[in-house]
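S.K.: Below: one structure in structure tokens.
Bear in mind that the values in this text are calculations on the coordinates, not laboratory data. Keep in mind that what you see is a predicted model, and the values were worked out from it rather than measured. Here the Cβ positions follow ideal geometry from the backbone for every residue, glycine too, while neighbour counts run over all protein chains shown.
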Amino acid sequence: MKKTIAIIEGDGIGPEVTRQSVRILNTIAESFNHEFSYRYCLMGADAIDKTGSPLPDETIDICLNSDAILFGAIGHPKYDNDPNAKVRPEQGLLKLRKSLQLFANIRPVATYSALQHLSPLKAKNLEGVDFIIYRELTGGIYFGKKELSEDGLSAIDECTYNITEIERIAHLAFQAAQKRRKKLTLVDKANVLETSRLWRKAVKDLASQYEDVTVDFLFVDNAAMQIILNPAQFDVILTENMFGDIISDEASVISGSLGLLPSASIGNGSALFEPIHGSYPQAAGKDIANPLGSILSAAMLLDHFELNEEATLIREAVNWTLQNGFVTKDIDPVNFYFTNTIGELISDYVSGKIPGSVKQENIELRKSTII
Ligand code: IPM
Ligand code: MG
């Protein structure tokens, strides 16, 4: 298979984690006889520094002409702490989502037994947790009219949805539920918001097309509570942009490490894959960031190309590293391996260089131990 992949390394730890994913994609290409070519482009603080814009036109162009996009991370503290900044790195990502019509953000939440001790939840609440969030990504309050009054004393952010925007992602969420445990939960605030009532009506109307799927509805405040109290009850969660932003961060800590979670943003043609973690500037350039979120995003990218065997192999390699304690500093601050070493181990596993039995003593040499 021949594919062109746009690579946006982005800010902070973005470049170093993305580099590991590209290494593994290359190994996959070699082992399975595919041809992946990469086109590098700029976005975020990195792009502002180099071009003055958080999303140069060239990047949109390259992304539109690629089969998929792999993205690292966005954000820099020098903008976070300046409310008057005229340009912000995040504007680049929002504009890219809108330009490519990436209307559905998909975030799977899974748990790993090797990480249970890091989860803020009790072990008994982690059993059977396996759900996926479908977050609407190009509408709602994020993209509504924004205004600050002339005297600077009042501000508006408008939230608008139309039925088409709701239905197109709802179809995807229903179809995902059909392939999973056949349960769909719409998270909204229909007791207060008109847009939420439209969501509820649209989902109720579509339900008759998916009779095998059970639908239920939760107000977002209750959902925030249920995700902590009993996360195993969820299968597919569907929600609007802002609620999705909030509950997906909440859900992401359940697994025990934010560094591990991948995401896909899909639209009519383009698809973008990125780890859900931020740019973690304190760790940038130190080779300590967890590359698994990016590597698992690369696996989602391969699924998107319908290369399911290849994607499964990457997931198997990731599980193998976790089960054998080959983990980065965020998971084990004492006995940890560097970003680059984890990438190398996964790449070796994928190419079959690491047989069933691990040559433990060779791998031990790559470990960094803090005493
Ligand atoms: C996310 C992020 C973005 C969002 C920011 C960086 C604009 O939090 O992808 O969830 O709010 O959508
Ligand atoms: Mg977010």
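S.K.: What list of ³J(HN,Hα) values in whole Hz, one per residue of the range 196-203 in order, does the Karplus curve 6.51 cos²θ - 1.76 cosθ + 1.60 (θ = phi - 60°) give from phi, with Gly and Pro shown as x?
M.R.: 5, 5, 5, 4, 4, 5, 4, 5
S.K.: So for Thr138, Thr328, Thr214, fewest C-beta neighbours within 10 Å to most, what's the order?
M.R.: With the sparsest Cβ surroundings first, the list reads Thr214, Thr138, Thr328.
S.K.: In addition: Checking a compactness column here: for the chain, what do you get for Rg(Cα) / (2.2 N^0.38 Å), N being the number of residues?
M.R.: 1.00
S.K.: Quick one: Karplus J couplings for the range 316-332, per residue in order, coefficients 6.51, -1.76, 1.60, θ = phi - 60°, nearest Hz, x for Gly and Pro?
M.R.: 5, 5, 5, 4, 4, 5, 5, 5, 9, x, 8, 10, 7, 4, 5, 9, 9
S.K.: What ranking of Ser255, Ser119, Ser31 emerges when the number of other C-beta atoms within 10 Å of each C-beta is taken as an exposure proxy, fewest first?
M.R.: By the 10 Å Cβ count, ascending, the order reads Ser31, Ser119, Ser255.
S.K.: Can you tell me the FRET efficiency between Asp205 and Leu64 if r is taken as the Cβ-Cβ distance and R0 is 35 Å, rounded to the nearest 0.05?
M.R.: 0.60
S.K.: A further question follows. Of all beta bridges DSSP finds with both residues in the range 101-242, what is the antiparallel percent, to the nearest 5?
M.R.: So the antiparallel bridges in the range 101-242 amount to around 40 percent.
S.K.: Pull up the DSSP beta bridges for the chain and report the antiparallel fraction as a percent, rounded to 5.
M.R.: Of all bridge pairs located within the chain, approximately 45 percent are antiparallel.
S.K.: Please compare each pair in Lys50/Lys146; Lys86/Lys329; Lys95/Lys145; Lys78/Lys189; Lys3/Lys182 to a cut-off of 26 Å on the Cα-Cα distance and tell me which ones are over it.
M.R.: Result: Lys50/Lys146; Lys86/Lys329; Lys78/Lys189; Lys3/Lys182 exceed 26 Å.
S.K.: Report, by chain and number, residues whose modeled amide H sits under 5 Å from the one on Val109, excluding near sequence neighbours (fewer than 5 apart, same chain).
M.R.: Phe131, Ile132, Ile133
S.K.: Counting Lys +1, Arg +1, Asp -1, Glu -1, what net charge surrounds Lys145 among other residues with beta carbon under 10 Å of its beta carbon?
M.R.: Local net charge: -2.
S.K.: What is the gain in length, in nm to one decimal, between Asp245 and Asn84 on full extension, counting 0.36 nm per residue of separation less the C-alpha to C-alpha distance?
M.R.: Full extension from Asp245 to Asn84 adds 55.6 nm.
S.K.: Between Asp130 and Asp157, what's the calculated FRET efficiency when r is the beta-carbon distance and R0 is 56 Å? Round to 0.05.
M.R.: That pair, Asp130 with Asp157, gives E of 0.95.
S.K.: Still on this structure, please answer the following. Once the Cβ-Cβ distance between Lys95 and Ser37 is put in as r, and R0 is 30 Å, what FRET efficiency do you end up with, to the nearest 0.05?
M.R.: 0.75
S.K.: Can you pull out the trypsin sites (Lys or Arg not before Pro) in the range 244-344 that DSSP calls coil and that have at most 14 other Cβ atoms within 10 Å?
M.R.: Answer in residue order: Lys286.
S.K.: Now, a different point. In nm, give the distance between the simple-model label positions of Asn222 and Glu150, each being 7 Å from the Cα along the Cα-to-Cβ direction.
M.R.: Computed distance between label sites Asn222 and Glu150 equals 4.6 nm.
S.K.: List the GluC sites (Glu not before Pro) in the range 164-260 that DSSP assigns to loop (not H, G, I, E or B) and whose Cβ has at most 14 other Cβ atoms within 10 Å. Which are they?
M.R.: For GluC sites (Glu not before Pro) across the range 164-260 that sit outside H, G, I, E and B with at most 14 neighbouring Cβ atoms in 10 Å, the list reads Glu211.
S.K.: Just to be sure I understand the model, the point goes 7 Å from the Cα along the line to the Cβ. What's the resulting Arg168 to Leu229 distance in nm?
M.R.: 3.6
S.K.: Here's something else I'd like to know. Just flag the GluC sites (Glu not before Pro) in the range 264-341 sitting in loop per DSSP whose Cβ has no more than 14 other Cβ atoms within 10 Å.
M.R.: Glu306
S.K.: Another question, if that's okay. With a 10 Å Cβ neighbour count serving as the proxy for reagent exposure, in which order, fewest first, do Lys182, Lys50 appear?
M.R.: So the residues, fewest neighbours to most, are Lys50, Lys182.
S.K.: Hull surface divided by four, with the convex hull built on the Cα atoms of the range 120-255: how many nm²?
M.R.: Averaging across all directions leaves 9.2 nm² for the Cα convex hull.
S.K.: When the helix-only estimate is applied to the chain (DSSP H runs of n ≥ 4, each -39,500 (n - 2.57), divided by the residue count), what is the mean residue ellipticity at 222 nm, nearest 500 deg cm²/dmol?
M.R.: So the helix-based figure for the chain works out to -12500 deg cm²/dmol.
S.K.: Now for a different question. Looking at Thr138, Gln116, Leu258, which one has the Cα that reaches farthest to the positive end of the dipole of the chain (charges on Cβ: Lys, Arg +1; Asp, Glu -1)?
M.R.: About the Cα centre, the residue reaching furthest to the positive side is Gln116.
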